[in-house]
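To keep things clear, I will list the structure first and then write my remarks on it.
The values are calculated or read from the model by the stated rules, or taken from the named source; none is laboratory data. It should be emphasised that the depicted structure is a prediction, and the values quoted were computed from it without experimental measurement. Neighbour counts are summed over all protein chains in view; Cβ atoms, including those assigned to glycine, are modelled from backbone coordinates with ideal geometry.
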Amino acid sequence: MKSRHFVVMAAALLILLAAGWLLRRPSPRPAADLAGQAGLVRLPGPGFSSEKATGIVLSRPAPPVPGGDSGSPPSLELREVRLIREEGAWKVASSRGAPANAAKIGELLADLSALAGDLQAEGKSLHPELGVDEAGALRVEVEYGSGKPLVVYAGERAGGVYGESYVRLGGEDRVYRVDRDLRRTAGMFSAASPAPAARDWLDLTLIDLPAGELLRAKLEYPGGPGLVLAREAGEAGGPPGPWKLEAGGAGDKFKPERLDSWVSAASLVKAEDAADPALAGKAAAAESYSLVLSAAGRPDLALKVLVDEGRSLAEVSTRPGQLYLLSEGERNRIFPPAGEFFAEEPPPGEAEPSGEAEP
């Protein structure tokens, strides 16, 4: 009995010690709580305006892609993404001025505008440990107005807490703990993405039309006949009529039910990356596909796809001068074999079923 009594007392003591440790341990502060605490420093300063931002540069030293033959460890190279706003539209200057993802840029600027934190360190000694030194930090520079740009060095996640990180302002040594993770906003989610990439900031949606508004489609295949598919618009806002074959193929074998899945594919087309526009001229003699879409109340939209050396290079009429790389799967979704729109022919030597029972 004494032994059992001792075990119970020891267990109770351990529970009390653990409870006391948990009470003394500083708990992670939710983002909303951290931003509302008294004494926090608003880092951008009162003059910063995200609405007036005209340029953003994101950069970080990172190892180059492995594969060298020298055998020596790779040296750090500076990788950067340059974004500019011209006539109200954001572009990725470091990717030949291709249209940028405005929503993603808006998220970054909102995070910068809301940066507020408490002081964690005042000297340079902790910069490497907190990831805000020039060799390890993500450097974000924002041009706005006519004054000096806002420069922020974004460091490691603060204490492992999701959504909090360490930052310092350019030209200063003080380090703050803030309720934002700028590295994550910039697409640096893990060691696999150690530096910002231009692709992450591109608007890669080439076609985005409401499928219900699509009324006409003209498809052209390399070296073969094209197809023209159409349907009537619905009356008084009602659903459109059934799809019909206007040209190409055998009308009596046309399968309108096949159009349901194809319209979904053709009305939303996404590229993998931007490509060098000079490749369009080089691939001019290659296989080419063409799609022209007509939708209610919208100008016609044309997509041309060139296939050269296994690459599918896409041009869209809404982005003149730009060239994009499509995946093979995306190209096949938009341009399936023309025979898929028609009933299959019976194999040679086999008659079509007549519907009459054999004697």
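Annotations for the structure displayed:
- In the range 223-244, residue surrounded by the most Cβ atoms within 10 Å (Cβ to Cβ) [restricted to those that are in contact with a Leu (Cβ under 8 Å, 6 or more places away or on another chain) and farther than 22 Å from SER288 by Cα]: TRP243
- Yes/no for LEU313 being over 17 Å from LEU202 (Cα atoms) and either assigned to a helix (DSSP H, G or I) or in contact with a strand residue (DSSP E or B) (Cβ under 8 Å, 6 or more places away or on another chain) (or both): no
- Members of the range 161-216 found to be over 30 Å from PRO320 (Cβ atoms) and of a type in the set (Val, Ile, Thr), listed by number: VAL161, VAL167, VAL175, VAL178, THR185
- Residue list for the range 183-196, filter: surrounded by fewer than 19 Cβ atoms within 10 Å (Cβ to Cβ) and either in contact with a Gly (Cβ under 8 Å, 6 or more places away or on another chain) or within 21 Å of ALA314 (Cα to Cα) (or both): SER193
- Test for SER264: is it among the small types (Gly, Ala, Ser) and touching an Asp or Glu at 6+ places or on another chain (Cβ under 6 Å): no
- You will find that of TYR176, TYR153, TYR162, TYR166, the residue that is buried (at least 18 other Cβ atoms within 10 Å of the Cβ) and without any contact (Cβ under 8 Å) to a residue 24 or more places away in the chain is TYR153 and no other.
- When each of GLU51, GLU122 is tested for being under 27 Å from the mean Cα position of the chain (by Cα), exposed (fewer than 13 other Cβ atoms within 10 Å of the Cβ) and either modelled with pLDDT under 95 or assigned by TED's automatic domain parsing to the domain that holds LYS270 (or both), the lone residue that passes is GLU51.
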